[in-house]
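Throughout, read-outs are computed from the coordinates displayed, never taken from laboratory work. Bear in mind the structure is a predicted one, so any value in this text is a computation, not a measurement. Cβ coordinates were reconstructed from backbone atoms using ideal geometry, including for glycine residues, and neighbour counts include every protein chain displayed.
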Amino acid sequence: MAARNKTRTNKEAGKHQEDKASKHPFFSSNEQENASGIRNNKVAILICLVILLLFAGIFTAYRFFITPERLTIDQLHERNLKGKLDPEEGYTYRGFSFVRANNMWFTKIARTGTSDIYNLQFHYGPREVENITVLGDVKSFLRYNETFITFNPSEKRLSYTALTSGEITINLASVLGILPHAACTKNETRGCSTAAIVNCESTSAPVLSLEITPDPKIITEKNCLRIQGNGTDLLRSADKTLLQWFGIMD
C-alpha cells in the first residue's frame, strides 16, 4: 500500500514538473512560433535581396555588353565609307554615303558654288526608287524661284499626301531656295478655303501637283511637275524627285 502511494506521488510529482516546465518562458509554444516566423521572414528578405541583385546584374550586363552601340550620323558615315556597315545599314551611291538611322536614310551634299554642307534625310534611299518611271526633265523645275504645291482634297487617305507635301516643302525652302505656296485643286474643305485654288491647267505659274494614282511616276509637262503614287509609293516618287534635284540620281 505504501509502495502504491509512493508511485502515485512520484507520478504526480512528474506531472507537476512537466506542467511547471511547460509554463517556463523557454518552452512557450507562442514564442517558439514567433521565433520560427522571424526566421522565415529573414529567409524571405534574403531571397528578395538575392533576386534584386540578380536583376541588377542582368540589367548591368545588358546595358554594357548587349545593348548595341549608339552612333551619330557622322560616325555612321565614317563606318560606311570604310565598308564597315551591312547593306541594310548603309551603302554608297555614286559617291554619296547613305546610312540608315531612326527609320530614315541620311546623306550629305555640298551646295554648288558654296562651302555649305547639308545633311539630308529621306524615307527611301536611291536603291529603293530606281524603278520609278520619270518622264521629262525633272531638274528643269529648279529654274523657278517659287512654286505652288497642290493636291486634290477630295481624295481619301490624304495622310501620305500631307507627309509628302511636308518633305518637299522643307527641302525646297531650306536647301534649294525655292519658295513653296500651299494650294488645292478644289475649294471643298475648310483647309482649302484660305488656300490658292490651282491645278496644272489653270495657271502658267510653276505647279507641283501631288496626285494619287495606282502606279508611282514622275512627269514634267511645261510648268507642271506631277508626282504620282499611292500611299508609300507617293513618298517614293517624291524622294526620287528630291534625289534628282540634288544631283544624286539622274
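Report the trypsin sites (Lys or Arg not before Pro) located in segment 149-250 that are in a DSSP loop and have at most 15 other Cβ atoms inside 10 Å of their Cβ, or state none.
Lys156, Arg157, Lys186, Arg190, Lys222
Take each of the peptides 126-132, 199-205, average the number of other beta-carbon atoms within 10 Å over its residues, and list them starting from the highest.
126-132, 199-205
When a footprinting reagent is the concern and you count Cβ atoms within 10 Å, what order do Ile219, Ile227, Ile47 take, fewest first?
Fewest-to-most Cβ neighbours within 10 Å comes out as Ile47, Ile219, Ile227.
Per q in 0.19, 0.20, 0.22, 0.24 Å⁻¹, report the Debye log10 I(q)/I(0) for segment 134-250, using one uniform scatterer on each alpha carbon and no solvent.
The Cα Debye sum returns log10 ratios of -0.99, -1.11, -1.37, -1.63.
Report, in listed order, any pair from Lys186/Lys222; Lys186/Lys240; Lys108/Lys156; Lys82/Lys217; Lys108/Lys240 with a Cα-Cα distance greater than 25 Å.
Flagged as over cut-off: Lys186/Lys240; Lys108/Lys156; Lys82/Lys217.
Per-residue counts of other Cβ atoms within 10 Å, averaged by peptide: what ranking do you get for 72-84, 140-152, highest first?
140-152, 72-84
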